[in-house]
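The values are calculated or read from the model by the stated rules, or taken from the named source; none is laboratory data. Owing to the predicted nature of the structure, the values given are computational and were not obtained by experimental measurement. Ideal geometry is used to build each Cβ from the backbone, glycine not excepted, and the neighbour counts take in all protein chains shown. Remember, those area values only see protein heavy atoms, side chains included, never the ligands or the DNA or RNA. Shrake-Rupley method; radii C 1.70, N 1.55, O 1.52, S 1.80 Å.
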There are 2 protein chains.
Amino acid sequence: MPAKTVLASTVSASFREQIKKDIKERQIQPKLVGFLANEDPAAKKYAEWTAKTCAETGVTFELRKVDKQDLEEKITEANEEKEVNGIMVYYPVFGGKQDLYLQSCVSYLKDVEGLCHKFVYNVYHNVRFLDEGETMKCIIPCTPLAIVKILEHIGVYNSVLPYGNRLYGRTITVVNRSEIVGRPLAAMLANDGARVYSVDVNGIQLFTRGTGIKLSAHKVEDVETTLEEAVGHSDTVITGVPTPNYKLPTKLLRDGVVAINFSSFANFEDDIKSRASIFVPSVGKVTVAMLERNLLRLHDHQQKQN
Amino acid sequence: MPAKTVLASTVSASFREQIKKDIKERQIQPKLVGFLANEDPAAKKYAEWTAKTCAETGVTFELRKVDKQDLEEKITEANEEKEVNGIMVYYPVFGGKQDLYLQSCVSYLKDVEGLCHKFVYNVYHNVRFLDEGETMKCIIPCTPLAIVKILEHIGVYNSVLPYGNRLYGRTITVVNRSEIVGRPLAAMLANDGARVYSVDVNGIQLFTRGTGIKLSAHKVEDVETTLEEAVGHSDTVITGVPTPNYKLPTKLLRDGVVAINFSSFANFEDDIKSRASIFVPSVGKVTVAMLERNLLRLHDHQQKQN
């Protein structure tokens, strides 16, 4: 029996409907500014796609094309613009550590991508609110959030279990440990109860929630295991290797595995459907829905502060 | 005439005397905590050296050896410890972007290295104070600061010119554009009036103060030039390539150049003294003096806040 293929568009549909309805009923005009500072065709395509999605849901989207050397200044200006509710940047700009610096230049009050240090730190420390009164929820980095929403949609999160423990019993391999997606994703899945093998070129780490009284922070260990073993133990495998040549061999996967790819390249082999129970070939459309969801949240935070 | 060699110990002496005197006369006991989470012999040596220098100047130093997977939690704890005035980390820990994340986990109130996003951002934006009343000076990343102090000591900064413009007319090449040293250093030198060629494997950028009304922010351009041309135009060349094999050919340098190496490896060739007017083979001891200077500043900020 071949795998059931679940498209990102299917998962994102209900979120988009909700956002559209929300904007219409409340008669608000949330505005997102996207900065494009590279010549990367993938980034350009992502920008066009953001524009299209925003137009459909009622979000005002403005694309600002800037020279990468002016980007920091332009972000600083947009942080101060009252009518801008959210800011995003199409990465990579410089690549490397300078991009991480730029991520924290976006004010947390407008950071729809959830990539500034404050929000990433809060994910790792399981801090859910910006204020003591717990009225303003934190923004969660949008690609990891999109993947969690997909996992909920396809039943990997078990809603019979209590909230915060719905991945208990799951073993998940995440092939990617970037600061943007892979590492926060592994932490979030571990915080929800999964055993997570986090794989990158430097080795394999095991993320778990840990034991003892400190349940708020996940635990990370370097483990002496192989990709074969990690994947062989996993009921869910999530890939995000940003190269066209990487293919995770289907023969390593368990029968009935849930396979999710968030790379813009196909990381699974063509015969993946002969082995998986559920296959999600891409997540981008859910990520854009999460961007819009984060935008609405920030819009409301800003209203509260005025 | 061979170059005059200026040792970091000579430059650091007066700073250390001042710190020692300050601690003694004011009868204060500033405390620095250093986190060692790697097995790197260079980091270990740096830690021993910090301990020795602190003992000599009257700073209480405590080295905490921790597993790298526990480091973030231990930093968070130290952020809260009242008796700890400053925190430093011996990098690299994970290497790559995760270390940049860790740098921002140190509270800016205790960040003696000046590597958290807030302080690095303030360097780039020429923000000098933490508060509107301008009573609390920002911390400047300690290695770039050490290099500026060395440049002042050896007369590259011209004290005849007005403050903030003392490098006007200088052309400086910096071979290193790391987020920790090379990039903030290039920005600081440009803000003080120099033309700065910033060199790394990805290319050469020219940092200047720029023109027009926005003098507070430096300007960066990608330039089509070669290392030979950049170095050939420079009266001062500063190297920081972290590999034993890199040697900047002496023949590229102008006669009478000022040559400063901040790498732990010798980046100039053995015959550098035949070409340079002033040669500074290392900067580490000045960096440690700046760490202590930053510690005193943070100590005083903390006293003010209590």
Legend entry - Accessible area expressed per residue, chain A, with surrounding protein chains retained (probe 1.4 Å, Å²): 46
Legend entry - Largest-first ordering by accessible area, 1.4 Å probe, given options B:Ser159, B:Ser104, A:Ser234, A:Ser282: B:Ser159, A:Ser282, B:Ser104, A:Ser234
Inset, instruction - Would you mind giving the mean number of other chain beta-carbons within 10 Å of the Cβ of each residue in B:80-89, as a whole number? - result: 0
Legend entry - Taking chain B and dividing mean pair separation by its residue count, relative contact order in percent (alpha carbons under 8 Å, at least six apart): 20
Legend entry - Calculated [θ] (222 nm, deg cm²/dmol) that DSSP helices of n ≥ 4 give over chain B, each run adding -39,500 (n - 2.57): -11500 deg cm²/dmol
Inset, instruction - Using only Cα atoms, find the angle between the long axis of helix B:142-153 and the longest principal axis of chain B, and express it within 0 to 90 degrees, rounded to the nearest 10. - result: 50
Legend entry - Nearest-first distances (nm) between copies at B:Lys4, label 7 Å from Cα via Cβ: 8.0
Legend entry - Interchain or long-range residues, amide H under 5 Å from A:Lys219's placed H: A:Thr208, A:Arg209, A:Gly210
Inset, instruction - Evaluate 2.2 N^0.38 Å with N set to the residue count of chain A, then give the Cα radius of gyration divided by it. - result: 0.99
Legend entry - Percent carbon-and-sulfur accessible area, the stretch A:26-108, ignoring ligands, DNA and RNA, probe 1.4 Å: 48
Legend entry - Coil-residue trypsin sites (Lys or Arg not before Pro) of the stretch A:1-94, DSSP, other Cβ within 10 Å capped at 13: A:Lys82
Inset, instruction - Quick one: with label points 7 Å out along Cα→Cβ, list the inter-copy distances for B:Val160 in nm, shortest first? - result: 8.6
Inset, instruction - Provide, in order from the shortest bin, the percent of all Cα-Cα pairs of the protein assembly as shown in each 20 Å bin, continuing until the bin that contains the maximum pair distance. - result: 18, 49, 29, 4, 0
Legend entry - Using alpha-carbon coordinates, inclination of helix A:8-26 to the longest axis of chain A, degrees: 30
Inset, instruction - Restricting things to alpha carbons, tell me how big the stretch B:144-284 is in terms of Rg and Dmax, in Å. - result: 14.0, 45
Inset, instruction - Please report Rg over Rh for the stretch B:26-108, where both radii come from the alpha carbon positions and Rh follows the Kirkwood definition. - result: 0.97
Legend entry - ³J(HN,Hα) computed for each position of the stretch B:108-113 - Karplus, 6.51 cos²θ - 1.76 cosθ + 1.60, integer Hz, glycine/proline x: 5, 6, 10, 7, 5, 7
Inset, instruction - Give me a single rounded figure for B:90-97: the average over its residues of other chain Cβ atoms within 10 Å of their Cβ. - result: 3
Inset, instruction - Could you work out how far helix B:284-305 tilts from the main Cα principal axis of chain B, as a 0 to 90 degree angle to the nearest 10? - result: 40
Legend entry - Per-residue SASA entry for B:Trp49, accessible area with 1.4 Å probe, Å² rounded to 10: 80
Inset, instruction - Enter the accessible area of A:Arg195 (Å², nearest 10), with the probe set to 1.4 Å and all protein chains included. - result: 100
Legend entry - Ascending list, in nanometres, of distances separating the A:Gly232 label from those of the other copies (7 Å, Cα toward Cβ): 6.1
